[in-house]
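J.: Got a structure for you, questions after.
The values are calculated or read from the model by the stated rules, or taken from the named source; none is laboratory data. Worth saying up front: this structure is predicted, and the values here are computed from it rather than measured. Backbone-built Cβ (ideal geometry, glycine too); neighbour counts: all protein chains shown. Surface accessibility is based on the protein's heavy atoms, side chains included, excluding ligands, DNA and RNA. Shrake-Rupley method; radii C 1.70, N 1.55, O 1.52, S 1.80 Å.
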Number of protein chains: 2
Amino acid sequence: MRRSFAGAIKYFAVIFMSVVVFTGTYAAAQISGSMENDPLPLWNNTAVKERIIEFVADVTDPTGPMYVPEEKRIAAFDLDGTLFCEKPLYLQVLIAAEGLYDLAEKDPTLRDEYPYNGAWKRDMDFISDSKNFLEMNLTAFAGMTQEEYQKYVRDFLSLGHPRFGVPYDELFYTPMEELLLFLEENDFQIYLVSGSPQEFIRSFSEELLGVEPQMVIGDAISIKFEIRDGQVVFVREHDYVKPETLKDGKPINIRLKTGRSAILSFGNSNDDIQMLEASGAGGLPSLSLTLYHDDGEREYAYDKGADKILAMAQERGWVVVSMKNDFKEVFRQEE
Amino acid sequence: MRRSFAGAIKYFAVIFMSVVVFTGTYAAAQISGSMENDPLPLWNNTAVKERIIEFVADVTDPTGPMYVPEEKRIAAFDLDGTLFCEKPLYLQVLIAAEGLYDLAEKDPTLRDEYPYNGAWKRDMDFISDSKNFLEMNLTAFAGMTQEEYQKYVRDFLSLGHPRFGVPYDELFYTPMEELLLFLEENDFQIYLVSGSPQEFIRSFSEELLGVEPQMVIGDAISIKFEIRDGQVVFVREHDYVKPETLKDGKPINIRLKTGRSAILSFGNSNDDIQMLEASGAGGLPSLSLTLYHDDGEREYAYDKGADKILAMAQERGWVVVSMKNDFKEVFRQEE
């Protein structure tokens, strides 16, 4: 049986249009359905929220043109400033400063040595200078087993934040926690991708965010294999594993560790630009989002270190999430 | 209400013994049940098979003393010589030699240069010298995107093995494939942990072994973030990411990438010793196994490169799996 060429075109055009119409209706139904059973009640009903819900509906709709099978449904979230308050300073740095202070307290000969000296004086200019971050982290905990380090971190998390008073572990943004949950319910694999050390993140990620340790991609301090009291332990060295999980190191480490690319990427600083650029690499649908800290009242207002990502977002159509306008609440409310 | 001290001891002793008896009966029932519905029909009914089934029954029995929750049920398998025939030479090396040969064919000026020279002459002494492996792998595919490299690997896999005639991708050991499946059904997370490059393994692991790319921990060639034709791609560099996934680098990379340790580890060479030693690190139950190539008829008989792990197995009570005695078949049988 043969058809004329024009006939074939008409035939396919009808099928094509039917698919388009059907898909459109289906997707709209999905979204409106989702809005009735609001999956993100801690977000205000803005265009941003709608775009997130729409993207999730699209990539999970097996009949739609943007469908992404579960195994490729990867989401990558930065930590500091994206899921968690990063002011007055990155938590990992405050903890490293505390570790150095403790060591200098026990051994006075260290008090004049770099990098103990800045920590011992609790010199905030020193502590908040990014040139010192790596050395502080390496020096403070070298020789500890991973378990000992993680206990140190957990103890620190129960201390109070200088402005908000509540313990540090209550300073995760609740709308972001809700988003993680929404993505998980839609069979996304959620990776935390951060310039903070991964064993630092792993010390709380499972308990506080429901993210298992193998889903954490962070900076890695080198470890060595040792046998202590007949047991194998992994001991922190004074060195780190390259590449660093910053800038292009973020999508590179996602690719090295998962063999895949994220389709949804969420950051907040210039260090996250390449992660957002690589969203959907390999021809997959993508959503790139950046959190804008514009809420001095409920959190902090700043764009230092975020100027370039905000400009890129304009240029590329990435989603700018405004803490002030899009978050119904920022932190967990007192009951 | 107070009890006498002796009374309390008797009371607890009765409870303790009841638990022991109940657990023993339960575990035995589990195992015999398993043996009736034999989960490993491609394995002969030997003590080795029994020990594997018993371990799985023990760690999955929520009422037993060896129970390990699902999220910690991690199994680590070496690839070459453990899941796959590694003779006459590691597949990754044969492929790198082929890649170098192709380049020298196109550009005659390369033919005298290291490491092209050995590959161009198809000099097996050169190609099989482990000192050349890394340089061959780095040089053969630098500048390719990961996708281009993976296509090259898949094309190679359809070539015939010099002794067995069948394509390389049919030389996985079927009893081992069966074991992976058995562990997966019992909610183990299976990692492939290999000194071969991880993108090499990922090019076939999902299709042929059902192992997704994020479960592959291998040697990593450095990649760079590049934009080609407006798309983000990851391009192979002439460098690699440390530490290598060999010897202590195996459990170190498992720990760095998963934040955990395996409870079941399966290797076959001296490079796997530390991985087997680290099985169960942190106080978990463990099973360590090594595959002994003692079947010259159906595969190859050799203990070169395995002498130390076989001695350690004796000393530590690790399970030595004899290909000759424990495998009912080695490769897929012709239907």
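J.: From the mean inverse distance of alpha carbon pairs (Kirkwood) and the Cα radius of gyration, derive Rg over Rh for the protein assembly as shown.
T.: With Rg and the Kirkwood Rh in hand, the quotient comes to 1.00.
J.: Okay, next question. Within 10 Å of each Cβ in peptide B:235-244, how many partner chain Cβ atoms are there on average? Round it to a whole number, please.
T.: What the average comes to for B:235-244 is 2.
J.: Chains B and A: how much accessible area gets covered up at their contact, both sides added, probe 1.4 Å, in Å² to the nearest hundred?
T.: Counting protein atoms only, the buried area is about 3000 Å².
J.: Between B:ARG332 and the same site in the other copies, what are the distances in nm, shortest first, taking label points 7 Å from Cα along the C-beta direction?
T.: 5.2
J.: For segment A:104-205, with every protein chain kept in place, what is the accessible area per residue (1.4 Å probe, Å²)?
T.: Per residue, segment A:104-205 has 43 Å² of solvent-accessible surface.
J.: Then there's this: Defining the label point at 7 Å along Cα→Cβ, can you sort the distances from B:GLU113 to the same site in each other copy, shortest first, in nm?
T.: 4.7
J.: Something else now. 7 Å along Cα→Cβ for the label point: how many nanometres lie between A:ASP303 and each equivalent label in the other copies, listed shortest first?
T.: 7.1
J.: Let me ask something additional. Could you quickly flag the chain A residue whose beta carbon comes closest to the rotation axis taking A to B, and that distance in whole angstrom?
T.: Value returned for chain A: A:LYS257, 3.
J.: Provide the net charge surrounding A:TYR300, with neighbours chosen by a C-beta distance below 10 Å and charges set as Lys +1, Arg +1, Asp -1, Glu -1.
T.: Value of the local net charge: -2.
J.: Kindly tabulate the residues in segment B:254-272 with an accessible-area decrease of at least 50 Å² between the chain alone and the assembly of all protein chains, using a probe of 1.4 Å.
T.: By number: B:ARG255, B:LEU256, B:LYS257, B:ARG260.
J.: Efficiency by 1/(1 + (r/R0)^6): what FRET value for B:LYS106 and B:LEU181, r their Cβ-Cβ distance, R0 = 51 Å, to the nearest 0.05?
T.: It comes to 0.75.
J.: For chain B, list log₁₀ I(q)/I(0) at each q in 0.07, 0.10, 0.12 Å⁻¹, using the Debye formula over Cα point scatterers of equal strength and ignoring solvent, two decimals each.
T.: Taking Cα atoms of chain B as identical point scatterers yields -0.35, -0.65, -0.89.
J.: Given labels modelled 7 Å from the Cα in the Cβ direction, how far is it in nm from A:VAL166 to A:GLU315?
T.: Inter-label distance under the simple model: 3.8 nm.
J.: Counting only protein heavy atoms and using a 1.4 Å probe, what share of the accessible area of segment B:82-149 belongs to carbon plus sulfur, as a whole percent?
T.: 49 percent
J.: Which FRET efficiency, nearest 0.05, do B:TYR240 and A:ASP229 yield, Cβ-Cβ r, R0 25 Å?
T.: 0.15
J.: How do the peptides B:38-48, B:90-100, A:87-97 rank, highest first, by the average count of neighbouring beta carbon atoms within 10 Å per residue?
T.: B:90-100, A:87-97, B:38-48
J.: Give me a single rounded figure for B:246-252: the average over its residues of other chain Cβ atoms within 10 Å of their Cβ.
T.: Counting other chains' Cβ atoms within 10 Å and averaging over B:246-252 gives 3.
J.: For A:SER322 and A:ASN117, compute 0.36 nm times the residue count separating them, minus their Cα-Cα distance, and round to one decimal in nm.
T.: 69.9 nm
J.: Sort A:254-262, B:116-124 by the packing proxy (mean of other Cβ within 10 Å over each peptide's residues), most packed first.
T.: Taking the mean over residues of other Cβ atoms within 10 Å, the ranking is A:254-262, B:116-124.
J.: Per residue of B:211-223, how many C-beta atoms from partner chains lie within 10 Å of its own C-beta, taken as a mean?
T.: 4
J.: For segment B:100-256, would you read off the P(r) tail past 19 Å as a percentage of all alpha carbon pairs?
T.: Of the Cα pairs, 64 percent sit more than 19 Å apart.
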